[in-house]
Every structure is written in C-alpha cells, then in structure tokens.
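The values are calculated or read from the model by the stated rules, or taken from the named source; none is laboratory data. Computed from a predicted model, the values in this text were never measured in an experiment. Note that each Cβ is placed from the backbone with ideal geometry, even for glycine, and that neighbours are counted across all protein chains shown.
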C-alpha cells in the first residue's frame, strides 16, 4: 500500500507524507482530496515529513501552502526527502543565528 | 456505551448567514448573557467567587493582579478588566475591589464599562462593610440583574455582528494541513458576510511577516506587524534568550517543520485569505471595520485569548494539534483538531474533529462543520469545556515588575 502524501496548493513542490515511508517505498500524492500519481521515495521519510514532488535547483524556493518556506541548499530530485539538510530558511538559520 | 466524539456540528447545505444573540445598546451582540463578577484585585477574588457560587448563570473573573503594579503594567490590567466588562457576552457586570486600588478601582472600571449602556455596579469590600456585607450586597444586586437578564430573548442577527477570535495551541505538523486550514475557511466566510475575525500570537508570525504584510489594506499596517515581531524578539532578547536561534524548536524539526517560515505559515492558515484591516496592541478593543484584525499577543494560550476576549470577541476557535482543555470563562471557546490521536485522547474537550481532512475530505467540508459549530455556539449551544466549567484561561499579560 502506498503512503498518502498531501499537497496543499497546486504550485507546491513538496508534499507531506501522512505515514513514515521506507527507502524505495511508494508515495501516492493527494491534492484537494483527489488521488494523483505515485512516486518512489529515494530515501526513508519520517512520519509527517516532506517529499519533493517537482525538481528543485539549488537556490530555488521550496513551496508549501503555495508560498516559500525556504531555499534549496542543493539540487533536489523528485522523490527526495526534504528537510533541514537540503532546505534553508530565507529568514535566517535558527541553528546558526 | 462507547465514548463517542462525533464530528461536532451537523453539516447543513447552505451556510447560515445569521445567528441568535443578545443585542446590546452600543450595537454589539452577545453570544451569552452572563452576569459578570469582575474582580478588580486579587483581594476581591474570593468575594467574587462567593457571589458567583450563589448566583446561577453568573461568571467570576479573578486574577492575581491589580495591586503594586506600575505605569503601563497597571494600565494593561485596567484595560483588560474594562475590555471584559465591555465584552458583549456580559449582560450586566458587578465590579468588586478591596480598598483603594491605585489606577484600577472598581469605580473607574465600572465607569468605562457603563459607556456600553449595560448595567454595571461597583462594590468596595471595605466601604461596604467587609467581606460578608459586600458579598450580601453584591448577591442582592446580582439577583435583581439576573431577573432582568433572564427575561431577555435572543434575536436573529447577521454574521456581520460576529468578532471571531482565532488562536492555535500545541501546534504540530497536522496544524497547517488540517485544523488551521479549516479555521481559515471559516474566517473567510465570516469576513465575506461582513463580519470580523481577530488573529493573534505574535510569536507565530515570525517568518510570516511578508505574507501578513501583503494582506494588509495599508502598507503602514504591514510595517506595524514587522515592528510588533521585532519588539517581541527584543523583549525576549533582553531576558537573555534569542528566540530566532531556537526557531523552529527541536520538537518542531522532529515533527517535520524545516524553517521558521514553514512553522509560521502553518499558523497563519487560520487567517484564510481575508484582508487585514487593523493591527492593535494586546487587549485593545477592535474597531468595527469588517475584515481581519491582528492583535499583538504572546504565544501563551491563556494570555493570548484573554487579550482577544478583551478585544470584544464573543466566540473563539482554538485550533490545536495536541488537543486541549483551554477555555475562556466568558468568551465561548471552540476546540478543534485534525490530529487523529489527539481527537481520541482529548475527546472530552474536542468540540469539532476535522481528522477527515487526512482521509481526503476537502477543507470546505471540514470548514463547514466548524462554521456551523461557530454559529450554533454563538447562538447558545454550550461547548464541552463550558459545560465542564473548564474556566482555565483568564490570564492577564504583564509588561512590568511588581513593586
């Protein structure tokens, strides 16, 4: 059974996985309650963490809620686990402040 | 019988544009018609509670302040008490003080409350012959007030008469995806119908200032939001703590929140897409303009919603990830959650369960249920915590030391 991942706005490039995903596990995207395509997770993804659904080049904005939640610190592929290791705040890094 | 949480209000097809409330002389409309026993100082708390225990349908608001406070700090207490007396959910008010509370006497508080046109009386424990005689006097006046209040009937009024309070608490990663989204949907409907909503929690605006500023009808309001967040950070820095250095927190990151923007954008979902028409300090009365109003409050849930109640909200949606018991004694507080575990663990005080969003239900479906609950609670249906007397969230914010 694929894990459902929720997209909030059409232009988002991340989705939130509603259960934890194993490396290589399949993730089914859901937008506005409708099921869409299935992706393969390139790495393991913890419970309610994010997966990349559109490729991101270093420096591009990571979109959730249709808005920027930060900037890619490296190139990110579809299916990659998205978190502090590849996204940085545009408003200052908490851990480096 | 198995314990059932239910999903709260039953969903009706067409959105209700009216609710049933108690119209006040100044144009406000109450969702409740309580007799309020308002303590001016901690030494009047017990008398207020004694009277409230005697009188059915009364609410006592008590607190540890009103003495040995200075300047803006005592002013803040005073304004908070006045704001609660003016809140339309209070049909009549008895203010009780102890001796002579500098800058916060029952007479001064009652004078401000009387401007709304509602009946208000001031009692001074010392002048009225001590704790027992003051209790008797307040009880007798209160009984007569309640004879009048309970003879009033609710009338059908427009949603434009609603000032909907918005607050979240024990946020987690489900917040921005579910209950805050559903709340935002409700905010939009209330504002579309000419009503008002009141967003708060300055701590949860950090990293979302740009988004909020873009919603403001005037650039000056956006600047006030930026300044509000900056000043909060400075106040915290003055205590030796760098808030920015701790955001998002370790817990937040473990829960999947990557940046402060992501955390704040989740909280701001409660605002929906309504325009921001005003930005006000803690506990200040919101003006009558339809739209979203923003209040400068701390992340402390009790203090934040106390500020909102003083601002005039009759009903508040408390949108929670962890589930909650929080409840304001005077302002009807509706707790909602989209977190399935919390909905089960905190079912006793969860009024609307929006966990179906994670099963694929559109936000509108869950939002309609929350909207219906707002209309029903505003019209007299009691929330779970209200029935349980969970009167835990009257907390006055301070900005100065005791002397």
If I filter segment B:253-260 for residues that are more than 7 Å from every other protein chain (Cβ to nearest Cβ), touching a helix residue (DSSP H, G or I) at 6+ places or on another chain (Cβ under 6 Å) and surrounded by fewer than 24 Cβ atoms within 10 Å (Cβ to Cβ), do I get at least one hit?
no
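Matching residues to (1) under 22 Å from residue B:170 (Cβ atoms); (2) over 23 Å from the mean Cα position of the chain (by Cα); (3) within 14 Å of another protein chain (Cβ to nearest Cβ):
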{"position": "B:198", "(1), (2), (3)": "yes, no, no"}
{"position": "B:205", "(1), (2), (3)": "yes, no, yes"}
{"position": "B:208", "(1), (2), (3)": "yes, no, yes"}
{"position": "B:223", "(1), (2), (3)": "no, yes, no"}
{"position": "B:234", "(1), (2), (3)": "no, yes, no"}
{"position": "B:247", "(1), (2), (3)": "yes, yes, yes"}
{"position": "B:263", "(1), (2), (3)": "yes, no, yes"}
{"position": "B:269", "(1), (2), (3)": "yes, no, yes"}
When residue B:194 is evaluated against the numbered criteria (1) at pLDDT 95 or above; (2) closer than 29 Å to residue B:350 by Cα; (3) not in a loop (DSSP other than H, G, I, E, B), which criterion, by number, is the only one it fails?
(3)
Residues (in contact with a helix residue (DSSP H, G or I) (Cβ under 7 Å, 6 or more places away or on another chain) and in a loop (DSSP other than H, G, I, E, B)) located in segment B:197-247:
B:200, B:201, B:206, B:207, B:208, B:243, B:247
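Name the residue that is farthest from the other protein chains (Cβ to nearest Cβ), counting only residues in segment A:3-12 that are part of a loop (DSSP other than H, G, I, E, B) and surrounded by 15 or more Cβ atoms within 10 Å (Cβ to Cβ).
Our first condition is that a residue be part of a loop (DSSP other than H, G, I, E, B); within segment A:3-12, this holds for A:8-12.
From the residues that got through so far, the ones that are surrounded by 15 or more Cβ atoms within 10 Å (Cβ to Cβ) too are A:8, A:12.
On the way: A:8: 7, A:12: 11 Å.
The qualifying residue farthest from the other protein chains (Cβ to nearest Cβ) is A:12.
Please specify each residue of segment B:315-329 satisfying the condition of being assigned to a loop (DSSP other than H, G, I, E, B) and either free of Cβ contacts under 8 Å to residues at least 40 places away in the same chain or in contact with a helix residue (DSSP H, G or I) (Cβ under 6 Å, 6 or more places away or on another chain) (or both). Reasoning before the result, please.
Taking segment B:315-329 as the starting set, the residues that turn out to be assigned to a loop (DSSP other than H, G, I, E, B) are B:321-329.
Scanning segment B:315-329 gives B:322, B:323, B:325, B:326, B:327, B:328.
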Can we say residue B:309 is away from chain A (no Cβ under 14 Å), more than 28 Å from residue B:29 (Cβ to Cβ) and not in a loop (DSSP other than H, G, I, E, B)?
no
Residue A:74: in a loop (DSSP other than H, G, I, E, B), away from every other protein chain (no Cβ under 13 Å), within 21 Å of residue A:18 (Cβ to Cβ) and out of contact with any helix residue (DSSP H, G or I) (no Cβ under 6 Å at 6 or more places or on another chain), yes or no?
no
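Determine, yes or no, whether residue B:35 is under 21 Å from residue B:327 (Cβ atoms), over 17 Å from the mean Cα position of the chain (by Cα) and crowded, with 21+ Cβ neighbours inside 10 Å. So that I can check it myself, show each step before the final result.
Working: under 21 Å from residue B:327 (Cβ atoms): yes; over 17 Å from the mean Cα position of the chain (by Cα): yes; crowded, with 21+ Cβ neighbours inside 10 Å: yes.
Answer is yes for this residue.
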Those strands (runs of 3 or more DSSP E) completely within segment B:74-188 that have 2 or more residues that are touching a helix residue (DSSP H, G or I) at 6+ places or on another chain (Cβ under 6 Å) and surrounded by 23 or more Cβ atoms within 10 Å (Cβ to Cβ) are B:90-97, B:119-124, B:163-169
